[in-house]
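Structure first, commentary second.
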Amino acid sequence: MQSTTLILMLGFMAITAFFYGRRRSLALVGGHGHGMALHSLPGYYGYYVAIWAVLPALALLLVWVMVEPRVIVALVVNGLPDAYRNLPPGELNLLVNNIQNLAAGDVVSVDVDDVLQNAATMFNAYVEKSRQFLAVLVLGMAGLGGAMAWRRIHPDLRARNRVERVIRWFLIAASSIAILTTIGIVLSVLFEAIRFFQKVPLTEFLFGLNWSPQTAIRADQVGSSGSFGAVPLFTGTLLITSIAMVVAVPVGLMTAIYLAEYSSARIRGIAKPLLEVLAGIPTVVYGFFAALTVAPWIRSAGESAGIQVASESALAAGIVMGIMIIPLVSSLADDAINAVPSAMRDGALGLGSTRSETMTKVILPAALPGIVGGILLAVSRAIGETMIVVMAAGLAANLTANPFEAVTTVTVQIVTLLVGDQEFDSAKTLAAFALGLMLFVVTLILNVIGLSVVRKYREQYD
Amino acid sequence: MATSDTKTTRQKVEAGLPRRRRKEFTFKLLGMFATAIGIVFLGLFFASLIAEGTSAFKQTFLKLDIELSEDVLAPGGELDLAYADFDGLVRTALRAEIPEASGRQDRRELYRIVSVGAAYQLRDLIAQNPDLMGTIQSLWVPASSNVDMLIKGNIDANIEEALRPLSDKQIGWVRQLQDKGRLESRFNRALFTNGDSREPELAGIKGAVMGSVYMLLVTMVLSFPIGVAAAIYLEEFAPRNRWSDLIEVNINNLAAVPSIVFGLLGLAVFINWAALPRSAPLVGGLVLTLLTLPVIIIASRAAIKAVPPSIREAALGLGASQTQVVFHHVLPLALPGMLTGAIIGMSRALGESAPLLMIGMVAFIVDVPGSLTDPATALPVQIFLWADSPERAFAERTSAAIIVLLGFLLVMNLTAVILRKRMERRW
């Protein structure tokens, strides 16, 4: 693509600009030996020119690339005969798509007539022209900016300060991306969720007991009004999360205690990295293991015990998720236990209590807030976990507390609603964003509380 | 009085001792048990993975003497690779091998022994070397996945005929070919050189690996510089005020936001608003950038914090500006720690699949992507797709793909560990 070449050329121009700027600054004061007469080191004059050559040109390139497709489509549509131009927006959209596909030489879904062919040729011509314009403009801009900066070089020019100011702004921009991401998440989820709540009342979503998100594609279809009561999803999420916590909290806590208090340094040196491996396994792999190994195993174990177990039971997903979370719980519990001052521990041991008594009666109560904070983070992780439940928990929105039955979760439904072909403004797809909003808000609250508690108590004993 | 009192206290304590020791013992045992659970699971997991997956690196091939007859391939004297009847050649050769299969039904069953990939193999052979036309070639072509499963012992020949994918006749022919030395288990190259396929014996991970590579490329190019820049600003320049506190809380929270929410962001912003193409590694890379940024920022900040203030003060004292201090002294010293954080961030990005489902990277894509905007999937998503496939042969391929993925992750994490060990500096 040409923009890649263009960016490469810009990079080349930046290097050239650097050397020209540097040379001019030295030439102005009479060569290498006289650098002291300059305000800044010669290199800064080079950077100064390079920045002026590249930044404006790059900004132009960015704006152009963002605006170009829309402008070209508008131009092509304007060039169509009236009969085509006055089509309803949906059909017009389809037409534009076809034109673009035809222009790119792809398969087109309708018969190609003259109008379409002409439009595609026009489209290609516009693209070609736009590319040429862009190249000339960007390179011109770079040359102009560089030349102006080059002319402005003077021994008194505070080049270092100017360059450093640009660097500072770049750093600020980079660090605000984190804020922008959060804002982006909130806005993108919120807007679609509001559109969803215009179609489905909030109370039905929050308190309705029936979830079957099948909406009609055609208006005259039967039995497809769709119902969006999300309570079964919430209980399903809660059930799986509870199972995961029942596994992860005691095991993680006892692991942390054992490794911190009882084990020899050698065992700790082996066990800790192994548990970290457990934390590094991708969730999709856990999902595969849950669905193909653990679930059948639980099913056959249940059958031999006379219990009816669904092939996609909440139990399998919950147990595997719990194992996934063990390292998180144990490392946060480890932090909390280590933050307790050793004077407390030594005092209790000195009074004659056993290690387990020291642990349960002195250290754990002192570390409790930190541990609770860690558990909150683990809960948030379990609620947001997707792949394990998608692969092992199933799609049936059952309102049940029976761990042997199949349940579905918020994340599973987000995935099933958005994977596949839907029109984007149907209640079905919008529901995914409403669920996403719920998920984001709940995990955010858990994270904020958990993180602040963990940090507060880590500092308190330091 | 006093002596008897201490005695009773002492006696009380001693009376309680066995119970307390027992409790202590149980507590310790519980701890050992808990630690063992994680490790046992890990062992179980790897054992089952290896037991299941290693067989996928071998594949059954069938040796056929195929006559590349000109009459069949180029009936009008003109060879058209797209329409030439390579299938017919394979079938003729197969019939010659098993002459007793006569009648339509028998023959149809016979043809199912060999993979459809055999015809593609012939086509590629002729395309590369048209001179071979008219000769008889002895070729190893892939057997169908059911035959492969039978050879590997995954299909039980002793159960009722209707319950297995191969009929008694087919099994008989396979045994016959085996006895003649016409079946052989060879290294499964297709697994590494092919894209996805509906036929298990032809399905490979190359497309998914390339998709992952392109995505990680985008992620690395964007998230490392941005993450380092953000960390530098927050550690070295930002005034301690509400704004920087907000950024800090924000970053810590972003690190804990469920990854699927980032997928929703990518869908709404990159695909619906910015109109970037669906299923493209470019969009996947952008989403993963946002996902790994907090990880890299947090690690980079820790690395910068570890540089002692004396370095900064010495440089400042010699007249360097604050920016010079950072870029000439702090950054080079903190770089190993930052790189370690970046590699860990990348390995997290490599294993991530939930957000990619949101932006359409779950499509069935046969072609190996050649650029950032080609439709592609990623390795973890390929695992997800194969795990959902009903064919028995895909299960072992899923395990093989997992082994490959874990191999990549292992290499990345080992690099990070070695980097940390070698570059680590004690001040």
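The values are calculated or read from the model by the stated rules, or taken from the named source; none is laboratory data. This one's a predicted model, so the numbers in the text were calculated from it and none came from an experiment. Note that we place each Cβ from the backbone using ideal geometry, even for glycine, and neighbour counts take in every protein chain shown. Ligands, DNA and RNA are stripped out before the accessible areas are found, and what is left, the full protein with its side chains, is counted by its heavy atoms. Shrake-Rupley method; radii C 1.70, N 1.55, O 1.52, S 1.80 Å.
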Check your understanding: Which residues, counting only those in segment B:64-103, are touching a strand residue (DSSP E or B) at 6+ places or on another chain (Cβ under 8 Å) and among the small types (Gly, Ala, Ser)?
Key -> B:93, B:96
Check your understanding: Given (1) under 25 Å from residue B:269 (Cα atoms); (2) surrounded by fewer than 19 Cβ atoms within 10 Å (Cβ to Cβ); (3) in contact with a Pro (Cβ under 9 Å, 6 or more places away or on another chain); (4) away from chain A (no Cβ under 12 Å), where does residue B:363 come up short, assuming only one miss?
Key -> (4)
Check your understanding: Across segment B:209-250, which residue is farthest from the other protein chains (Cβ to nearest Cβ) among those that are within 22 Å of residue A:455 (Cβ to Cβ) and of a type in the set (S, T, N, Q)?
Key -> B:241
Exercise for review: Filter segment B:181-214 for residues that are touching an Asp or Glu at 6+ places or on another chain (Cβ under 8 Å) and farther than 24 Å from residue B:371 by Cα and give the result.
Suggested key: B:182, B:200, B:201
**Study point:** Test for residue A:408: is it in contact with a Gly (Cβ under 9 Å, 6 or more places away or on another chain) and away from chain B (no Cβ under 14 Å)
**Key:** yes
Practice item. Tell me which residues, restricted to segment B:287-302, are under 19 Å from the mean Cα position of the chain (by Cα) and within 11 Å of chain A (Cβ to nearest Cβ). Key: B:287, B:289, B:291
Check your understanding: If you scan segment A:237-271, which residues turn out to be facing chain B (nearest Cβ under 10 Å) and free of Cβ contacts under 8 Å to residues at least 24 places away in the same chain?
Key -> A:250, A:254, A:258, A:263, A:267, A:268, A:270, A:271
Review point. Would a scan of segment A:242-252 turn up a residue that is part of a helix (DSSP H, G or I), more than 30 Å from residue A:358 (Cα to Cα) and assigned by TED's automatic domain parsing to the domain that holds residue A:371?
Key: no
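Residue by residue, here is whether (1) outside any helix (DSSP H, G or I); (2) surrounded by 19 or more Cβ atoms within 10 Å (Cβ to Cβ) holds:
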residue	(1), (2)
B:374	yes, yes
B:383	no, yes
B:386	no, yes
B:396	no, yes
B:418	no, no
Exercise for review: List the number of the failed condition for residue B:83; all other conditions in (1) open to solvent by less than 40 Å² (accessible area, probe 1.4 Å); (2) within 40 Å of the chain's Cα centre (by Cα); (3) farther than 28 Å from residue B:399 by Cβ hold.
Suggested key: (1)
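Test residue A:164 against the stated conditions and say whether it is within 14 Å of chain B (Cβ to nearest Cβ), out of contact with any strand residue (DSSP E or B) (no Cβ under 6 Å at 6 or more places or on another chain) and assigned to a helix (DSSP H, G or I).
yes
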Check your understanding: With segment B:281-337 as the region, which helices (runs of 4 or more DSSP H) entirely inside it contain at least 2 residues that are basic (Lys, Arg)?
Key -> B:281-305
Review point. Quick check: is even one residue across segment B:14-28 within 39 Å of the chain's Cα centre (by Cα) and surrounded by 13 or more Cβ atoms within 10 Å (Cβ to Cβ)?
Key: yes
Practice item. Just name the residue that is most open to solvent (accessible area, probe 1.4 Å) out of those in segment A:176-216 that are aliphatic (A, V, I, L, M) and more than 14 Å from chain B (Cβ to nearest Cβ). Key: A:209
Practice item. Check off (1) touching a Lys or Arg at 6+ places or on another chain (Cβ under 9 Å); (2) in contact (Cβ under 8 Å) with a residue 60 or more places away in the chain; (3) among the acidic types (Asp, Glu) for residue A:357 and give me the number that stays unchecked. Key: (2)
Revision key, fill the gap. Of the conditions (1) buried (at least 21 other Cβ atoms within 10 Å of the Cβ); (2) in a helix (DSSP H, G or I), the single one that residue A:292 does not satisfy is (1)
Point to revise | Test: residue in segment B:132-155 that is free of Cβ contacts under 8 Å to residues at least 12 places away in the same chain and in a helix (DSSP H, G or I) | key: no
Practice item. Can you confirm whether segment A:130-137 contains a residue that is open to solvent by 70 Å² or more (accessible area, probe 1.4 Å), outside the structural domain of residue A:55 (by TED's automatic domain parsing), closer than 30 Å to residue A:25 by Cβ and within 38 Å of the chain's Cα centre (by Cα)? Key: no
Check your understanding: Given the structure, is residue A:348 open to solvent by less than 20 Å² (accessible area, probe 1.4 Å), at pLDDT 90 or above and away from chain B (no Cβ under 12 Å)?
Key -> yes
Check your understanding: Residue check: is residue A:337 facing chain B (nearest Cβ under 8 Å), part of a helix (DSSP H, G or I) and open to solvent by less than 40 Å² (accessible area, probe 1.4 Å)?
Key -> no
**Study point:** segment B:390-402 - residue that is in contact (Cβ under 8 Å) with a residue 40 or more places away in the chain and more than 10 Å from chain A (Cβ to nearest Cβ) and, of those, farthest from residue A:394 (Cα to Cα)
**Key:** B:400
Study note, to complete from the structure: Subset of segment A:284-303, residues within 15 Å of residue B:403 (Cα to Cα) and either among the small types (Gly, Ala, Ser) or more than 7 Å from chain B (Cβ to nearest Cβ) (or both), comes to A:286, A:287
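A quick yes/no check of all residues on (1) open to solvent by 10 Å² or more (accessible area, probe 1.4 Å); (2) assigned to a helix (DSSP H, G or I); (3) in contact with a Pro (Cβ under 9 Å, 6 or more places away or on another chain); (4) at negative phi:
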position: B:191; (1), (2), (3), (4): no, yes, no, yes
position: B:211; (1), (2), (3), (4): no, yes, yes, yes
position: B:218; (1), (2), (3), (4): yes, yes, yes, yes
position: B:222; (1), (2), (3), (4): yes, yes, no, yes
position: B:225; (1), (2), (3), (4): yes, yes, no, yes
position: B:231; (1), (2), (3), (4): no, yes, no, yes
position: B:246; (1), (2), (3), (4): yes, yes, no, yes
position: B:253; (1), (2), (3), (4): yes, yes, yes, yes
Exercise for review: Mind listing whichever residues of segment A:355-371 are β-branched (Val, Ile, Thr) and buried (at least 17 other Cβ atoms within 10 Å of the Cβ)?
Suggested key: A:358, A:362, A:363, A:371
**Study point:** Members of segment B:169-183 that are open to solvent by 80 Å² or more (accessible area, probe 1.4 Å) and farther than 16 Å from residue B:107 by Cα
**Key:** B:175, B:179, B:180
Point to revise | Residue count for segment B:33-68, restricted to those that are within 7 Å of another protein chain (Cβ to nearest Cβ) and either within 19 Å of residue A:276 (Cβ to Cβ) or surrounded by 19 or more Cβ atoms within 10 Å (Cβ to Cβ) (or both) | key: 8
